[in-house]
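Visitor: Sending over a structure as structure tokens; questions will come in a sec.
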Amino acid sequence: MRFVTTRLAGAFIIEPEPQSDARGLFARTFCAREFKQQGLATTFAQCSTSFNVARGTLRGLHYQLAPACEVKLVRCTAGAIHDVIVDLRRDSPTYRQHLEVELTAHNRRALYVPEMFAHGFQTLEDKTEVLYQISEFYTPDKSTGVRFDDPKLGIPWPLPVTAMTDKDRNWPLLD
């Protein structure tokens with residue numbers, strides 16, 4: 001695996017290094033020893049998946065508050081997404097900055113999302129599936145979000161939104 005640093009401290013793009021032969025390919029997507037060497041979380045409490053019927057579906061921007069802050073390892077297993085994270089660590093030099101990454105079933109990349117980063121994505125293809133490894137259990141009373149269209153963030157979503165929950169559409173604006 002290759003750990004690609006990003007401009008947001010603690011966030012990484014993780015690229016598998018596939019080995020190919022006549023059968024296809026094989027690649028590791030997680031190794032606790034290598035994650036530990038990078039100073040990353042090595043224990044995940046749960047895995048979740050989302051299947052998204054339509055291109056343009058938007059989910060997010062979600063995160064959990066202390067003491068249930070979570071790390072996420074996000075991968076697209078079918079289709080493609082425009083994945084976005086926002087640094088919400090008040091003491092960070094990149095506070096309120098965002099990072100956009102295209103994750104696809106073809107490129108097999110993953111995005112490592114540190115604690116106190118809001119996460120969301122928009123599907124770029126119909127029938128897109130996303131797999132999440134999450135370091136903490138879902139804690140409803142600590143779960144919150146930020147509006148996808150908050151002008152203070154200025155996130156350029158690539159497509160018109162075709163599907164979104166009312167909850168995601170109505171997260172509060174920052175400040």
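Visitor: May I ask you to list the residues in region 1-27 that are within 17 Å of the chain's Cα centre (by Cα) and either surrounded by 15 or more Cβ atoms within 10 Å (Cβ to Cβ) or touching a residue at least 24 places away in the same chain (Cβ under 8 Å) (or both)?
Guide: Keep residues of region 1-27 that are within 17 Å of the chain's Cα centre (by Cα), which gives 3-16.
Passing the criteria: PHE3, THR6, ARG7, LEU8, ALA9, GLY10, ALA11, PHE12, ILE13, ILE14, GLU15, PRO16.
Visitor: Another question about this same structure. Any idea which of ALA105, ALA41, ALA78 is touching a strand residue (DSSP E or B) at 6+ places or on another chain (Cβ under 6 Å) and within 22 Å of VAL4 (Cβ to Cβ)?
Guide: Working: ALA41 fails: touching a strand residue (DSSP E or B) at 6+ places or on another chain (Cβ under 6 Å); ALA78 fails: within 22 Å of VAL4 (Cβ to Cβ).
One residue alone meets the criteria, ALA105.
Visitor: Ok, one more. Given THR29, THR49, THR57, THR123, which one is hydroxyl-bearing (Ser, Thr, Tyr) and within 20 Å of VAL4 (Cα to Cα)?
Guide: On the way: THR49 fails: within 20 Å of VAL4 (Cα to Cα); THR57 fails: within 20 Å of VAL4 (Cα to Cα); THR123 fails: within 20 Å of VAL4 (Cα to Cα).
Just one listed residue meets the conditions, THR29.
Visitor: Residues in region 94-151 that are in a strand (DSSP E or B) and not aliphatic (A, V, I, L, M): how many? It would help to see each step written out before you state the result.
Guide: Within region 94-151, the first condition is being in a strand (DSSP E or B), and the residues that meet it are 98-104, 110-113, 117-123, 128-134, 143-145.
Right, trim to not aliphatic (A, V, I, L, M) and you get 98, 100, 102, 104, 112, 117, 119-123, 128-129, 132-133, 143-145.
The total comes to 18.
Visitor: Taking the residues in region 74-93 that are in a strand (DSSP E or B) and of a type in the set (D, E, K, R) as candidates, determine which candidate is farthest from PHE148 (Cα to Cα). Steps first, answer last, please.
Guide: Taking region 74-93 and keeping what is in a strand (DSSP E or B), we get 74-78, 80-87.
Narrowing the set further to residues that are of a type in the set (D, E, K, R) leaves 75, 83, 87.
Details: ARG75: 20, ASP83: 12, ASP87: 14 Å.
Ranking the candidates gives ARG75 first.
Visitor: For the structure I just gave you, tell me whether ARG75 is among the basic types (Lys, Arg) and in contact with a Ser or Thr (Cβ under 8 Å, 6 or more places away or on another chain).
Guide: Values: among the basic types (Lys, Arg): yes; in contact with a Ser or Thr (Cβ under 8 Å, 6 or more places away or on another chain): yes.
So ARG75 fits the description; yes.
Visitor: How about region 16-67: which of its residues are of a type in the set (A, V, I, L, M) and in a loop (DSSP other than H, G, I, E, B)?
Guide: As a first pass, look at region 16-67 and keep what is of a type in the set (A, V, I, L, M): 22, 25, 27, 32, 40-41, 45, 53-54, 58, 61, 65-66.
Selection gives ALA22, ALA27, LEU40, ALA41, ALA45, VAL53, ALA54, LEU65, ALA66.
Visitor: I need the full set of residues from region 82-127 which are crowded, with 16+ Cβ neighbours inside 10 Å, on the phi > 0 side of the Ramachandran plot and among the basic types (Lys, Arg), in order please.
Guide: Selection gives ARG96, ARG108.
Visitor: Oh, and also: Tally the residues that are surrounded by fewer than 14 Cβ atoms within 10 Å (Cβ to Cβ) and under 17 Å from GLU102 (Cβ atoms), restricting the search to region 128-158.
Guide: Here the count works out to 2.
Visitor: Is it fair to say GLY39 is of a type in the set (Gly, Ala, Ser), out of contact with any helix residue (DSSP H, G or I) (no Cβ under 7 Å at 6 or more places or on another chain), buried (at least 17 other Cβ atoms within 10 Å of the Cβ) and at pLDDT 95 or above?
Guide: Details: of a type in the set (Gly, Ala, Ser): yes; out of contact with any helix residue (DSSP H, G or I) (no Cβ under 7 Å at 6 or more places or on another chain): yes; buried (at least 17 other Cβ atoms within 10 Å of the Cβ): no; at pLDDT 95 or above: yes.
Against the criterion (of a type in the set (Gly, Ala, Ser), out of contact with any helix residue (DSSP H, G or I) (no Cβ under 7 Å at 6 or more places or on another chain), buried (at least 17 other Cβ atoms within 10 Å of the Cβ) and at pLDDT 95 or above), GLY39 does not qualify.
The values are calculated or read from the model by the stated rules, or taken from the named source; none is laboratory data. Note that the coordinates shown come from a computational prediction; the quantities given were computed from them, not determined experimentally. A quick note on method: Cβ atoms are made from the backbone with ideal geometry, for glycine too, and the neighbour counts reach across all protein chains shown.
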